[in-house]
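A.B. asks: Please find one structure pasted underneath; my questions will follow.
The values are calculated or read from the model by the stated rules, or taken from the named source; none is laboratory data. The structure presented is a predicted model; accordingly, all values stated were derived computationally and were not measured. Here the Cβ positions follow ideal geometry from the backbone for every residue, glycine too, while neighbour counts run over all protein chains shown. The area values use the complete protein model at the heavy-atom level, side chains included, leaving out ligands, DNA and RNA. Shrake-Rupley method; radii C 1.70, N 1.55, O 1.52, S 1.80 Å.
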Amino acid sequence: MSYKLFIPGPIAVSEKTLRAMAQPMIGHRSTDFVALYNALQPDLQALMYTKDSVYISTSSSWGSMEGAIRNVVKKKVLNCMNGAFSDKWLDVSLRCGKQAQGLKAEWGCPVDPEALRKELATGQYDAVTLIHNETSCGCMSDLPALMQVIREFPEVISIVDTVSSFSVVPIKKDELGIDVLITGSQKALALPPGLSLISVSKRARDRAATIEGRGYYFDFLEFHANWEKGMTPSTPVISLIYALQSKIDDIKAEGIDNRYARHAQTNKMVRDWGYAKGFKLFPEERYGSIALNCFANTLNIDTAALNKILKSEHKLVIDGGYGKLKGKTFRISNMGDETVGTIGALINALDAALAKTPKASA
Ligand SMILES: *Cc1c(COP(=O)(O)O)cnc(C)c1O
């Protein structure tokens, strides 16, 4: 069962990262842990372009996404929806017992700043959720334009999911005025799943202090009180924190700007391959994600058959479309450690496999 993942999460994890996870345990209230946690802070803050604290959550991203709702929504939250993950966030808000409404766009379309302004101007909302990069349909919204709109409404706390764009493109938290920035381990950071990072502004913490029913596990005030001591509220996933430390070393060795440039280059390689074969991008081209490519299956190939050939003959796996887009699209990740060399090898495999792939039956 050895094959390489080019699905948009979880993605391939390097040997170096796996080895980093195999270090002995330390007590989570020990000075060793405090040293580890505190050493990570400045690097995490630099990667998020923020002076705010960055909490390490032992959960997948949904834990932090749900937690953010519980912490900051007092009146009503506007959930911007343009794909599977952002659609689900409305459902999660309602399940948390909050007043919530969706601002809906078609899958593959970006969140529209004008529509956002119009809805926020109704004055109903004190929080908004945004997904920067809708992984389900490979669509990257214009975050600076959207944050400019949200900044016009001082009462509104912004919660931004950067789960599949963090470390792919720069996301300048403080400059953009993002209150709550969330990312996860198994997407562009190329770590195994199970850890999420969440940076919270003072404004958002102040809001949380006025809200009941925040619970314990994702309570921003618990996170912060422990952060001040270099700790987490409960026993964290220490192995993944070792992995995170190793990955941050990798990022610093490469240089963050080089990392962004590498993602742009490998993304374009895959996109150009798809175009050369006759596929179209599913989202509008200028909103095409830099972290992955979601192609529309314009050649009507059997994407399941393509993946079967890729897996058995080339030991790699792509994604055959998310949810209602299954078969209608296919997605290829270029997140994490992929290089011109590894993406070149992927493209050779795609070429060979595509030549053998039958058309989808009508
Ligand atoms: C993968 C993903 C999530 C969900 O992450 P989990 O780790 O499954 O909780 C949320 N948002 C985006 C944009 C994602 O790509």
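A.B. asks: Could you provide, to the nearest whole Å², the per residue accessible area of the chain with probe 1.4 Å?
C.D. replies: Value for the chain: 40 Å² per residue.
A.B. asks: For Lys16, which lysines qualify as cross-link partners when the Cα separation must be under 28 Å and same-chain residues fewer than eight apart are set aside?
C.D. replies: Partners found: Lys4, Lys187, Lys247, Lys252, Lys268, Lys311, Lys315.
A.B. asks: Here's something else I'd like to know. Count charges around Phe218 for me, please; just the other residues with Cβ under 10 Å from its Cβ, Lys/Arg as +1, Asp/Glu as -1.
C.D. replies: Around Phe218, the charge tally is -1.
A.B. asks: Next question. Report for the stretch 16-252 the percent antiparallel among DSSP-assigned beta bridges with both residues inside it, nearest 5.
C.D. replies: Antiparallel bridges make up about 40 percent of those DSSP assigns within the stretch 16-252.
A.B. asks: Which whole number in µm²/s is D for the stretch 16-252 by Stokes-Einstein, with the Kirkwood Rh taken over Cα pairs at 25 °C and 0.890 mPa s?
C.D. replies: 137 µm²/s
A.B. asks: Same structure again: For the chain, what does the relative contact order come out to in percent, with C-alpha contacts under 8 Å and a separation of six or more?
C.D. replies: 23 percent
A.B. asks: Further, regarding this structure: Only Cα pairs under 8 Å and at least 6 apart count here; give the relative contact order of the stretch 220-303 as a rounded whole percent.
C.D. replies: Relative CO of the stretch 220-303 lands at 19 percent.
A.B. asks: How far is it, in nm, from the label point at Gln23 to the one at Lys315 when both lie 7 Å from their Cα along the line to the Cβ?
C.D. replies: About 2.9 nm, to one decimal.
A.B. asks: How much net charge surrounds Asp174 when only other residues with a Cβ under 13 Å from its Cβ are counted (Lys, Arg +1; Asp, Glu -1)?
C.D. replies: Once positives and negatives cancel, what remains is +3.
A.B. asks: Going by alpha carbons, how many degrees (0 to 90, nearest 10) lie between the helix axis of 61-72 and the longest principal axis of the chain?
C.D. replies: 30 degrees
A.B. asks: Starting from the Kirkwood radius over alpha-carbon pairs of the stretch 191-247, derive D by Stokes-Einstein at 20 °C in a medium of 1.002 mPa s and give it in µm² s⁻¹.
C.D. replies: The calculation lands on 169 µm²/s.
A.B. asks: Continuing with this model, one more query. When the scattering of the stretch 1-42 is computed by the Debye formula from its Cα atoms alone, each counted once and equally, what is log10 I(q)/I(0) at q = 0.31 Å⁻¹?
C.D. replies: Relative scattering, expressed as log10 I(q)/I(0), comes to -1.06.
A.B. asks: Using the alpha carbons of the stretch 229-277, what is the convex hull volume per residue in cubic angstrom, as a whole number?
C.D. replies: Per-residue hull volume (Cα only) is 126 Å³.
A.B. asks: Apply the Karplus curve 6.51 cos²θ - 1.76 cosθ + 1.60, θ = phi - 60°, to the phi angles in the stretch 281-288 and return the couplings in whole Hz, x for Gly and Pro.
C.D. replies: Along the stretch 281-288, the couplings run 6, 5, x, 4, 3, 6, 9, x Hz.
A.B. asks: Which lysines does Lys75 reach when only Cα atoms under 22 Å apart count, and residues fewer than 8 places away in its own chain are ignored?
C.D. replies: Those lysines meeting the cut-off are Lys88, Lys98, Lys104, Lys118, Lys202.
A.B. asks: Now for a separate question. Helix 238-254 against the longest principal axis of the chain: what's the angle in degrees, Cα atoms only, rounded to the nearest 10?
C.D. replies: Orientation of helix 238-254: about 70 degrees from the principal axis.
A.B. asks: Divide by every residue of the chain the summed helix terms, -39500 (n - 2.57) for each DSSP H run of at least 4, and state the resulting mean residue ellipticity at 222 nm, rounded to the nearest 500 deg cm²/dmol.
C.D. replies: -13000 deg cm²/dmol
A.B. asks: Right, here's the next one. Pick out, from Ser53, Ile7, Val77, the residue whose Cα sits farthest towards the positive end of the charge dipole of the chain, with +1 on the Cβ of Lys and Arg and -1 on the Cβ of Asp and Glu.
C.D. replies: Ile7
A.B. asks: Shifting gears a bit: Ranking request for peptides 231-242, 152-163: highest mean number of other beta-carbon atoms within 10 Å first, then the rest in descending order.
C.D. replies: 152-163, 231-242
A.B. asks: Tilt of helix 84-95 relative to the longest C-alpha principal axis of the chain, in degrees (0 to 90, nearest 10)?
C.D. replies: 30 degrees
A.B. asks: Shifting gears a bit: Between beta-carbons, use under 10 Å as the cut-off and find the net charge around Trp89, counting Lys and Arg +1, Asp and Glu -1.
C.D. replies: -3
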